[in-house]
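Just so it is clear, none of the values below were taken in a lab; they were calculated from the coordinates. These numbers come from a predicted model, not from an experiment. Heads up, the Cβs are rebuilt from the backbone with ideal geometry, glycines too, and the neighbour counts pull from every protein chain shown.
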């Protein structure tokens, strides 16, 4: 069993983080199921062979995290992520991809995903991605991270959206990849205060996730 370090407060006492998988490849679904079920603190809530089935079933399942393949027959994983964010705003979405396509991953982040994992993947990679997702961390690597960070630095806040100084500070720290607890520690406030401000930011920006809010405010094109 692989132990996942640094689980958020509340999950340590036996509550399991429920994960759903959306991938048209049966072997990938089976592999992810085996990996997730062997991770301490995680449980497979459901498996789906396509976006359409996932969108029909997942609102009733309400998983904590969904792993979604970017490219699938029919509705794409990116469109699936966008719809899931509308239906399940509290669910974190991590994209699964066979090829690290910067444009596709950037589109997925704008659709509300909080990260991605590349095939083939090791158990430790899945563990880290799930841990990051439930901790509220957006962790990107390589060229994807470079492009995303450059875009964030070069853009200015969207002038028509009025965020308070505290809301801007929290969103800026989220842009740096800090978790809710890390932001709370940085600003000397409670985690619940950070979450409350973030919910208001989501509402003002009409965003459904951290990555969506960051993109909407700092990269409004």
Calculate the spin-label point distance for residue 27 paired with residue 52, positioning each point 7 Å from the Cα along the beta-carbon direction, and give it in nanometres. 2.6 nm
Region 156-218: projected area of the alpha-carbon convex hull, averaged over directions, in nm²: 3.7 nm²
Modelled label-to-label distance, residue 204 and residue 40, 7 Å Cα→beta-carbon offset: nm? 4.1 nm
Between residue 121 and residue 190, what FRET efficiency comes out of the Förster formula 1/(1 + (r/R0)^6) with R0 = 41 Å and r the beta carbon distance, rounded to 0.05? 0.70
Suppose we keep just the alpha-carbon trace of region 17-144; what are its Rg and Dmax in angstrom? 12.8, 37
With every atom except the alpha carbons ignored, what do you get for Rg and Dmax of region 49-98, in angstroms? 9.7, 29
